[in-house]
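Have a look at the structure below before the remarks.
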Amino acid sequence: ARRNSSPSFDHVGFSAGFNYELPGQHAIFGHYTEAAKLPHFDDIRGGSLQDDEVTNVVLGYKTMLTNLSLFATLFQTKFDNVFFNDVLADGSTARRNAATRTRGLEIEGVYQPIEAFSVTLSLTQQEPEYQDFLVRNEQTGTTNDLSGNRIRRIPETIARLTPSYSFMGNRGQVYLTWSYYGERPSNDENTIELPSYNKLDAGVIFDATDRLRLQLTGENLTDEVGLTEGNPRTDVGAGGIGSVYTARPLFGRSVLAGGTLWF
């Protein structure tokens with residue numbers, strides 16, 4: 001059926017922060033932000049006409065030494081109206097609204113012992129959880145409290161390590177990137193878990209001339225088997241279909257060669 005709708009939304013956001021420098025190339029910083037994600041087309045089509053207010057608090061430390069740059073940041077992010085609109089295997093629609101809170105620590109750094117070699121590190125350790133999340137089963141009339149459950153598809157641990165080496169007067173660079181993604185629940189009920197996985201990438205970038213750059217990139221070199229997210233048509237309030245469960249996989253090993261020409 002055709003339906004005309006002309007909803008209107010507005011929200012005022014603001015952010016305030018500080019940066020305090022300490023002796024010896026050290027500093028502490030922080031900021032507080034209030035914003036909102038206004039409903040988009042799928043939200044409106046699914047019947048969610050309320051904005052999603054976002055609050056973010058950050059407190060961190062940073063330093064820049066001779067061979068090391070380092071950031072360590074504590075954070076908390078809250079959403080008060082996350083809307084899920086999932087189409088299930090039988091064609092029905094499951095609509096849910098939840099508040100979320102994620103607290104965690106981020107560490108980012110670059111270590112450069114010599115001019116040609118550097119190692120970049122990033123690590124996120126977090127606790128993503130639902131709050132005020134009551135789910136009602138219209139068929140049975142029961143209500144399930146999912147408050148405190150982990151947010152679906154969000155890992156608690158994410159890590160990335162990239163050593164790189166420059167050669168021929170910085171005309172070329174070779175790098176290796178190791179990434180780690182921790183286990184994640186696939187569904188809101190946290191009854192289905194997607195396992196952790198590692199991913200190894202590498203590449204070479206070379207400026208053949210001032211106008212021509214060549215690049216060779218290898219993705220998932222170890223051909224790691226990983227699942228990036230579950231199937232929303234079966235994982236909402238269910239354990240899959242029997243012993244079979246479908247999910248989106250990590251792409252297998254691939255190699256890409258390319259070039260860029262400036263003219």
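Of the residues GLN131, GLN125, the single one that is in contact with a Gly (Cβ under 9 Å, 6 or more places away or on another chain) and either open to solvent by 70 Å² or more (accessible area, probe 1.4 Å) or of a type in the set (Ser, Thr, Tyr) (or both) is GLN125. The selection criterion, being surrounded by 14 or more Cβ atoms within 10 Å (Cβ to Cβ), under 25 Å from LEU200 (Cβ atoms) and of a type outside the set (D, E, K, R), holds for TYR181. Taken together, ASN231, ASN198, ASN190, ASN170 contain a single residue that is open to solvent by less than 40 Å² (accessible area, probe 1.4 Å) and either more than 21 Å from the chain's Cα centre (by Cα) or not hydrophobic (A, V, I, L, M, F, W, C) (or both), which is ASN231.
Quick one: would you say ASP210 is over 23 Å from the mean Cα position of the chain (by Cα), open to solvent by 80 Å² or more (accessible area, probe 1.4 Å) and more than 22 Å from ASP52 (Cβ to Cβ)?
For ASP210, the condition - over 23 Å from the mean Cα position of the chain (by Cα), open to solvent by 80 Å² or more (accessible area, probe 1.4 Å) and more than 22 Å from ASP52 (Cβ to Cβ) - is met.
None of GLU224, GLU156, GLU229 is touching a Ser or Thr at 6+ places or on another chain (Cβ under 8 Å) and charged (D, E, K, R) except GLU229.
The values are calculated or read from the model by the stated rules, or taken from the named source; none is laboratory data. In this text, all values refer to a predicted model and were calculated from it rather than measured experimentally. Cβ: placed from backbone, ideal geometry, glycine included. Neighbour counts: every protein chain shown. Only protein heavy atoms, including side chains, enter the accessible area calculation; ligands, DNA and RNA are left aside. Shrake-Rupley method; radii C 1.70, N 1.55, O 1.52, S 1.80 Å.
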